[in-house]
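Some notes on the structure that comes next.
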Amino acid sequence: MIVLYIFLGVCVIGFVWFIGLYNGLVRIKNHCDESWSDIDTELKRRYNLIPNLVETVKGYASHEKETLDRVIQARNQAMANNGSPKEQAQDENVLIGGLRQLFALSESYPDLKANQNYLQLQEELANTEDRIQRARRFYNGNVRDLANRIEVFPSNIVAGMCNFSKREYFELDDEAQRALPKVEF
């Protein structure tokens, strides 16, 4: 009889252990989903700002149509991408490059740089970029935590049994974007 109680006790402890690990994995997976949704929200905010910025620049730089069209095309491509974080990051890299060209173009037009609408849109875009960066860091932190749980013992046993899988990091591929900006006085 004592052996049966010991056996039942071990089974209950094992079941509670399994449930605890499973619930922890589910929580981290849900954090990953939530943080990816945050990135998606901020990207949509950026996509909505870009046409306004381009229209403002068009008023001053109508003959720079090619640059403006590239930015809109990159925005549309990035906006249409619902693939993996790696695919989304590639499209975002193209869009960021186009925005850099757009801001470089504005340097050629002193009246544009002083235009209140342009300055406000540029500030909104800069704030949105900061929010995207925070959302990316949060997402990547959750992806790291999920990967750790999936790989470390003993939670890797539960993760394997319940088919939990790793997520892709949302990373920049362009080395120029990782480099520190050059500041000259």
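State yes or no: is Ala126 part of a helix (DSSP H, G or I) and surrounded by 13 or more Cβ atoms within 10 Å (Cβ to Cβ)? Spelling it out, it is not the case that Ala126 is part of a helix (DSSP H, G or I) and surrounded by 13 or more Cβ atoms within 10 Å (Cβ to Cβ). The residues in segment 144-185 that are in a helix (DSSP H, G or I), over 15 Å from the mean Cα position of the chain (by Cα) and at pLDDT 65 or above can be counted, and the count is 14.
Residue count for segment 86-123 under the criterion of being in contact with a helix residue (DSSP H, G or I) (Cβ under 6 Å, 6 or more places away or on another chain) and outside any helix (DSSP H, G or I): the result is 1.
Looking across segment 1-26 at every residue that is aliphatic (A, V, I, L, M) and touching a residue at least 40 places away in the same chain (Cβ under 8 Å), the one that is farthest from Ser165 (Cα to Cα) is identified as Leu21.
Surrounded by 15 or more Cβ atoms within 10 Å (Cβ to Cβ), modelled with pLDDT under 85 and closer than 16 Å to Ser37 by Cα, is that true of Asn81? So Asn81 passes the test. When both residues are 6+ apart or on different chains and their Cβ atoms are under 9 Å apart, which pairs have a first residue that lies in segment 147-160 and is surrounded by 11 or more Cβ atoms within 10 Å (Cβ to Cβ), and a second that is of a type in the set (S, T, N, Q) and in a loop (DSSP other than H, G, I, E, B)? Within 9 Å, the pairs are Ile150/Ser165; Ala159/Ser165. Against the conditions (1) touching a residue at least 40 places away in the same chain (Cβ under 8 Å); (2) under 27 Å from Ile150 (Cβ atoms), Leu53 satisfies every one except (2). Of all residues in segment 74-85, those that are part of a helix (DSSP H, G or I) and touching a residue at least 12 places away in the same chain (Cβ under 8 Å) total 6.
Table: residues versus (1) surrounded by 14 or more Cβ atoms within 10 Å (Cβ to Cβ); (2) touching a strand residue (DSSP E or B) at 6+ places or on another chain (Cβ under 9 Å); (3) β-branched (Val, Ile, Thr).
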position	(1), (2), (3)
Tyr22	yes, no, no
Trp36	yes, no, no
Arg46	yes, no, no
Ile50	yes, no, yes
Val57	yes, no, yes
Thr67	yes, no, yes
Gln73	no, no, no
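Pairs meeting the criteria (first residue in segment 95-112 and surrounded by 15 or more Cβ atoms within 10 Å (Cβ to Cβ), second residue aromatic (Phe, Trp, Tyr), beta carbons under 6 Å, at least 6 apart or on different chains) are Tyr109/Tyr60; Leu112/Tyr60; Leu112/Tyr118.
Scanning segment 39-70 for residues that are farther than 30 Å from Gly141 by Cα and part of a helix (DSSP H, G or I) yields a count of 16.
The values are calculated or read from the model by the stated rules, or taken from the named source; none is laboratory data. It should be emphasised that the depicted structure is a prediction, and the values quoted were computed from it without experimental measurement. Every residue, glycine among them, receives a Cβ derived from its backbone with ideal geometry; neighbour counts consider all protein chains shown.
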